[in-house]
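Let me begin by presenting the structure, written as C-alpha coordinates, before commenting on it.
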Amino acid sequence: MPKGRYNIMTNYMPKVGRYGLDMMYRTCTVQTNLDFSSEKDMVKKLRVSLALQPVATALFANSPFTEGKPNGFLSFRSEVDYALDVPMYFVKRGESYIDVAGSSFRAFFDGRNNSLPGERPTLSDWANHLSTIFPEVRLKRYLEMRGADGGPWSRLPALPAFWVGLLYDDTSLDAAWDVAKRWNAHERQALRDDVPRLGFKARIGNRYLFEVAKECLALAHAGLRRRGRIDHAGRDETRHLEPLDRIIDCGRTPAEEMLEKFNGPWRGSVEPAYVEYAF
(Lines give C-alpha, C1' and ligand atoms only; values in the text may rest on other atoms or scores of the structure.)
Protein backbone atom coordinates (compact mmCIF):
# COMPACT_ATOMS: atom_id res chain seq x y z
CA MET A 1 0.00 0.00 0.00
CA PRO A 2 2.35 2.78 -1.19
CA LYS A 3 1.96 6.08 0.65
CA GLY A 4 4.22 9.13 0.55
CA ARG A 5 4.79 9.08 4.29
CA TYR A 6 6.23 5.56 4.19
CA ASN A 7 9.52 6.80 2.71
CA ILE A 8 10.01 9.01 5.77
CA MET A 9 9.02 6.22 8.17
CA THR A 10 11.27 3.70 6.40
CA ASN A 11 14.31 5.95 6.74
CA TYR A 12 13.69 6.86 10.38
CA MET A 13 12.47 3.62 11.98
CA PRO A 14 15.83 1.77 12.00
CA LYS A 15 17.30 4.64 14.05
CA VAL A 16 14.96 4.13 17.00
CA GLY A 17 14.32 0.39 17.32
CA ARG A 18 14.87 -3.13 16.00
CA TYR A 19 11.41 -4.01 14.76
CA GLY A 20 9.99 -0.93 13.04
CA LEU A 21 10.66 -2.15 9.50
CA ASP A 22 9.46 -5.64 10.38
CA MET A 23 6.18 -4.11 11.53
CA MET A 24 5.81 -2.12 8.30
CA TYR A 25 6.83 -4.73 5.76
CA ARG A 26 6.67 -8.20 7.32
CA THR A 27 3.50 -8.32 9.41
CA CYS A 28 -0.19 -8.45 8.61
CA THR A 29 -3.06 -7.55 10.90
CA VAL A 30 -6.82 -7.68 10.58
CA GLN A 31 -8.59 -4.76 12.22
CA THR A 32 -12.13 -3.74 12.93
CA ASN A 33 -13.56 -0.30 13.69
CA LEU A 34 -16.38 0.21 16.17
CA ASP A 35 -18.60 3.20 16.88
CA PHE A 36 -19.42 4.90 20.17
CA SER A 37 -22.42 7.07 20.93
CA SER A 38 -20.94 9.51 23.45
CA GLU A 39 -17.78 10.28 25.39
CA LYS A 40 -19.04 8.15 28.27
CA ASP A 41 -19.78 5.26 25.93
CA MET A 42 -16.34 5.65 24.32
CA VAL A 43 -14.56 5.48 27.69
CA LYS A 44 -16.46 2.35 28.68
CA LYS A 45 -15.77 0.56 25.40
CA LEU A 46 -12.15 1.74 25.26
CA ARG A 47 -11.24 0.46 28.70
CA VAL A 48 -12.87 -2.93 28.05
CA SER A 49 -11.28 -3.36 24.64
CA LEU A 50 -7.82 -2.33 25.91
CA ALA A 51 -8.01 -4.73 28.84
CA LEU A 52 -9.26 -7.64 26.72
CA GLN A 53 -7.17 -7.02 23.60
CA PRO A 54 -4.77 -9.84 24.62
CA VAL A 55 -7.72 -12.22 24.28
CA ALA A 56 -8.04 -11.27 20.61
CA THR A 57 -4.27 -11.54 20.18
CA ALA A 58 -4.35 -15.13 21.44
CA LEU A 59 -7.49 -16.15 19.54
CA PHE A 60 -6.02 -14.84 16.27
CA ALA A 61 -2.30 -15.58 16.93
CA ASN A 62 -0.99 -16.56 13.52
CA SER A 63 2.62 -15.43 13.03
CA PRO A 64 4.96 -18.08 14.45
CA PHE A 65 7.47 -18.06 11.57
CA THR A 66 10.23 -15.71 10.40
CA GLU A 67 12.42 -16.49 7.38
CA GLY A 68 10.69 -19.88 7.13
CA LYS A 69 11.54 -20.99 10.67
CA PRO A 70 9.77 -20.86 14.04
CA ASN A 71 10.58 -17.54 15.70
CA GLY A 72 9.73 -18.42 19.30
CA PHE A 73 6.45 -16.49 19.25
CA LEU A 74 2.84 -17.35 18.52
CA SER A 75 2.15 -13.76 17.43
CA PHE A 76 5.40 -12.16 16.30
CA ARG A 77 3.34 -9.34 14.79
CA SER A 78 2.01 -8.46 18.24
CA GLU A 79 5.55 -8.43 19.64
CA VAL A 80 6.80 -5.89 17.06
CA ASP A 81 3.65 -3.77 16.71
CA TYR A 82 3.59 -2.19 20.16
CA ALA A 83 4.82 1.42 20.27
CA LEU A 84 2.70 3.84 22.25
CA ASP A 85 5.20 6.66 22.43
CA VAL A 86 6.71 7.29 19.02
CA PRO A 87 8.08 10.61 17.71
CA MET A 88 6.61 12.43 14.77
CA TYR A 89 7.48 11.34 11.25
CA PHE A 90 5.96 13.96 8.97
CA VAL A 91 3.67 16.94 8.55
CA LYS A 92 1.42 17.02 5.50
CA ARG A 93 0.92 20.25 3.61
CA GLY A 94 -1.24 19.89 0.54
CA GLU A 95 -0.08 16.72 -1.19
CA SER A 96 3.47 16.97 0.15
CA TYR A 97 4.92 15.20 3.19
CA ILE A 98 7.48 17.27 5.12
CA ASP A 99 10.03 15.15 6.99
CA VAL A 100 10.05 16.08 10.71
CA ALA A 101 11.28 12.66 11.91
CA GLY A 102 12.45 12.66 15.50
CA SER A 103 10.64 15.80 16.59
CA SER A 104 7.96 15.53 19.27
CA PHE A 105 4.44 16.78 18.74
CA ARG A 106 4.85 18.83 21.93
CA ALA A 107 7.73 20.75 20.34
CA PHE A 108 5.60 21.32 17.24
CA PHE A 109 2.74 22.54 19.44
CA ASP A 110 5.12 24.99 21.11
CA GLY A 111 6.37 26.26 17.75
CA ARG A 112 9.79 24.61 18.19
CA ASN A 113 9.84 22.30 15.18
CA ASN A 114 13.06 23.00 13.27
CA SER A 115 11.56 22.00 9.92
CA LEU A 116 8.59 24.35 10.38
CA PRO A 117 9.88 27.14 12.67
CA GLY A 118 7.16 29.17 14.32
CA GLU A 119 4.37 27.11 12.75
CA ARG A 120 1.70 25.59 15.00
CA PRO A 121 -0.08 22.28 14.32
CA THR A 122 -3.60 21.94 13.02
CA LEU A 123 -6.16 19.36 14.08
CA SER A 124 -5.31 17.48 10.88
CA ASP A 125 -1.65 17.38 11.95
CA TRP A 126 -2.71 15.76 15.21
CA ALA A 127 -4.87 13.21 13.38
CA ASN A 128 -1.99 12.38 11.03
CA HIS A 129 0.38 11.97 13.97
CA LEU A 130 -2.05 9.58 15.68
CA SER A 131 -2.15 7.52 12.48
CA THR A 132 1.58 6.74 12.90
CA ILE A 133 1.20 5.44 16.47
CA PHE A 134 0.45 1.76 16.94
CA PRO A 135 -1.43 1.07 20.17
CA GLU A 136 -3.64 -2.01 20.29
CA VAL A 137 -6.79 0.11 20.43
CA ARG A 138 -6.57 3.42 18.61
CA LEU A 139 -9.06 6.17 19.33
CA LYS A 140 -10.15 8.20 16.33
CA ARG A 141 -13.75 9.14 15.63
CA TYR A 142 -14.25 5.45 16.24
CA LEU A 143 -12.36 2.71 18.10
CA GLU A 144 -9.86 0.79 15.99
CA MET A 145 -9.12 -2.73 17.27
CA ARG A 146 -5.54 -3.64 16.33
CA GLY A 147 -4.63 -6.70 18.40
CA ALA A 148 -5.25 -9.52 15.93
CA ASP A 149 -3.01 -11.19 13.36
CA GLY A 150 -4.26 -11.59 9.82
CA GLY A 151 -5.40 -15.06 8.84
CA PRO A 152 -7.56 -17.12 6.53
CA TRP A 153 -10.84 -15.83 5.16
CA SER A 154 -13.04 -17.65 7.69
CA ARG A 155 -11.46 -15.74 10.59
CA LEU A 156 -11.74 -12.27 9.06
CA PRO A 157 -15.45 -11.72 9.87
CA ALA A 158 -14.91 -13.43 13.23
CA LEU A 159 -13.00 -10.41 14.54
CA PRO A 160 -15.78 -7.80 14.14
CA ALA A 161 -18.30 -10.38 15.35
CA PHE A 162 -16.28 -10.94 18.52
CA TRP A 163 -15.98 -7.24 19.36
CA VAL A 164 -19.51 -6.29 18.32
CA GLY A 165 -20.88 -9.07 20.52
CA LEU A 166 -18.87 -7.74 23.48
CA LEU A 167 -19.22 -3.99 22.98
CA TYR A 168 -22.53 -3.31 21.21
CA ASP A 169 -24.70 -5.11 23.78
CA ASP A 170 -24.92 -3.41 27.17
CA THR A 171 -25.31 -6.63 29.13
CA SER A 172 -22.24 -8.23 27.53
CA LEU A 173 -20.27 -4.98 27.80
CA ASP A 174 -20.96 -4.79 31.55
CA ALA A 175 -20.09 -8.46 31.98
CA ALA A 176 -16.87 -8.01 30.00
CA TRP A 177 -15.86 -5.16 32.29
CA ASP A 178 -16.60 -7.40 35.28
CA VAL A 179 -14.05 -9.86 33.86
CA ALA A 180 -11.27 -7.27 33.68
CA LYS A 181 -12.04 -4.49 36.16
CA ARG A 182 -9.99 -5.95 39.04
CA TRP A 183 -6.81 -6.26 36.97
CA ASN A 184 -4.28 -3.62 37.88
CA ALA A 185 -2.02 -1.84 35.40
CA HIS A 186 0.97 -4.06 36.16
CA GLU A 187 -1.06 -7.24 35.61
CA ARG A 188 -2.50 -5.96 32.34
CA GLN A 189 0.93 -5.02 31.03
CA ALA A 190 2.41 -8.35 32.07
CA LEU A 191 -0.40 -10.16 30.26
CA ARG A 192 0.12 -8.08 27.15
CA ASP A 193 3.85 -8.84 27.24
CA ASP A 194 3.35 -12.59 27.73
CA VAL A 195 0.65 -13.24 25.12
CA PRO A 196 2.78 -12.97 21.94
CA ARG A 197 4.94 -15.83 23.21
CA LEU A 198 2.57 -17.87 25.41
CA GLY A 199 -0.87 -17.35 23.85
CA PHE A 200 -3.60 -19.05 25.89
CA LYS A 201 -1.00 -20.21 28.44
CA ALA A 202 -0.39 -16.64 29.62
CA ARG A 203 -1.82 -15.94 33.06
CA ILE A 204 -3.42 -12.98 34.76
CA GLY A 205 -4.07 -13.27 38.45
CA ASN A 206 -4.96 -16.89 39.10
CA ARG A 207 -6.43 -17.52 35.65
CA TYR A 208 -5.03 -18.74 32.38
CA LEU A 209 -5.92 -16.55 29.43
CA PHE A 210 -7.64 -19.55 27.87
CA GLU A 211 -10.29 -19.39 30.62
CA VAL A 212 -10.74 -15.66 30.05
CA ALA A 213 -11.01 -16.14 26.27
CA LYS A 214 -13.62 -18.88 26.70
CA GLU A 215 -15.69 -16.60 28.95
CA CYS A 216 -15.37 -13.64 26.57
CA LEU A 217 -16.41 -15.74 23.58
CA ALA A 218 -19.53 -16.85 25.46
CA LEU A 219 -20.33 -13.19 26.18
CA ALA A 220 -19.84 -12.32 22.50
CA HIS A 221 -22.25 -15.10 21.52
CA ALA A 222 -24.85 -13.83 23.97
CA GLY A 223 -24.46 -10.23 22.79
CA LEU A 224 -24.92 -11.16 19.14
CA ARG A 225 -27.97 -13.29 19.93
CA ARG A 226 -29.57 -10.36 21.72
CA ARG A 227 -28.81 -8.09 18.73
CA GLY A 228 -30.99 -10.42 16.71
CA ARG A 229 -29.63 -9.52 13.27
CA ILE A 230 -30.91 -12.36 11.05
CA ASP A 231 -29.79 -13.18 7.51
CA HIS A 232 -31.91 -14.56 4.66
CA ALA A 233 -31.36 -18.11 5.92
CA GLY A 234 -32.58 -17.30 9.42
CA ARG A 235 -29.10 -17.33 10.99
CA ASP A 236 -27.95 -14.70 13.45
CA GLU A 237 -24.48 -13.17 13.62
CA THR A 238 -23.13 -15.84 15.95
CA ARG A 239 -22.36 -17.91 12.84
CA HIS A 240 -19.31 -15.66 12.31
CA LEU A 241 -17.89 -16.82 15.65
CA GLU A 242 -17.73 -20.47 14.59
CA PRO A 243 -13.98 -20.34 13.71
CA LEU A 244 -13.28 -19.02 17.22
CA ASP A 245 -15.48 -21.73 18.75
CA ARG A 246 -13.31 -24.31 17.02
CA ILE A 247 -10.15 -22.66 18.37
CA ILE A 248 -11.52 -22.77 21.92
CA ASP A 249 -12.75 -26.35 21.46
CA CYS A 250 -9.27 -27.56 20.51
CA GLY A 251 -7.53 -25.39 23.12
CA ARG A 252 -4.78 -24.21 20.73
CA THR A 253 -4.05 -20.94 19.01
CA PRO A 254 -3.91 -20.96 15.18
CA ALA A 255 -0.14 -20.47 15.48
CA GLU A 256 0.20 -23.66 17.52
CA GLU A 257 -1.77 -25.53 14.87
CA MET A 258 0.65 -24.31 12.21
CA LEU A 259 3.68 -25.21 14.34
CA GLU A 260 2.29 -28.71 14.78
CA LYS A 261 1.96 -29.02 11.02
CA PHE A 262 5.47 -27.59 10.55
CA ASN A 263 6.90 -30.27 12.83
CA GLY A 264 4.67 -32.96 11.29
CA PRO A 265 3.16 -33.23 7.81
CA TRP A 266 4.86 -30.06 6.51
CA ARG A 267 8.27 -31.64 7.32
CA GLY A 268 9.94 -28.47 8.49
CA SER A 269 8.76 -26.27 5.62
CA VAL A 270 6.35 -23.33 5.59
CA GLU A 271 5.66 -23.71 1.86
CA PRO A 272 2.43 -25.74 2.40
CA ALA A 273 0.94 -22.77 4.26
CA TYR A 274 0.70 -20.92 0.93
CA VAL A 275 -1.63 -23.64 -0.31
CA GLU A 276 -3.59 -24.53 2.82
CA TYR A 277 -4.23 -20.96 3.95
CA ALA A 278 -4.62 -19.21 0.60
CA PHE A 279 -7.87 -17.39 -0.18
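Structure above, values below:
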item: Exposure of residue 96 as accessible area (Å², to 10), given a probe of 1.4 Å and all protein chains; result: 70
item: Estimated vicinal HN-Hα couplings, Hz - region 179-195 in sequence order (Karplus 6.51, -1.76, 1.60; Gly, Pro = x); result: 5, 10, 5, 8, 6, 8, 4, 5, 5, 5, 5, 4, 5, 4, 6, 7, 4
item: Accessible surface, 1.4 Å probe, highest first, among residues 186, 232; result: 232, 186
item: Cα long-axis angle, helix 209-227 against the chain (0 to 90 degrees, to the nearest 10); result: 90
item: Point-to-point label distance, residue 185-residue 271, nm (Cα→Cβ direction, 7 Å offset); result: 5.1
item: Top of 173, 50, 116 by mean-square fluctuation, Gaussian network on the chain, Cα under 10 Å; result: 116
item: Protein accessible area in the chain, 1.4 Å probe - carbon and sulfur %; result: 51
item: Mean Cα-pair separation over length for the chain, i.e. relative contact order, pairs under 8 Å, 6 or more apart, %; result: 25
item: Lysine pairs meeting the criterion (Cα under 28 Å, 8 or more apart or interchain), as found in the chain; result: 26
item: Rounded to the nearest 10 Å², the accessible area of residue 126 at probe 1.4 Å; result: 110
item: Two-site FRET efficiency, residue 207 against residue 106, from Cβ-Cβ distance with R₀ of 35 Å, rounded to 0.05; result: 0.35
item: Neighbourhood net charge (10 Å Cβ-Cβ; Lys/Arg +1, Asp/Glu -1) for residue 203; result: -1
item: Per residue value of the accessible surface for region 169-217 (all protein chains in place, 1.4 Å probe), Å²; result: 53
item: Sequence-distant residues sharing a close amide H with residue 66 (under 5 Å, placed H); result: 71
item: Angle between the chain longest axis and helix 39-59 axis [Cα atoms, degrees, rounded to 10]; result: 60
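The values are calculated or read from the model by the stated rules, or taken from the named source; none is laboratory data. If you're wondering where the values come from, they're calculated on a predicted model, not measured in any experiment. Please note: Cβ atoms are built from the backbone with ideal geometry, for glycine as well, and neighbour counts cover all protein chains shown. Accessible surface areas use protein heavy atoms only, side chains included; no ligands, DNA or RNA. Shrake-Rupley method; radii C 1.70, N 1.55, O 1.52, S 1.80 Å.
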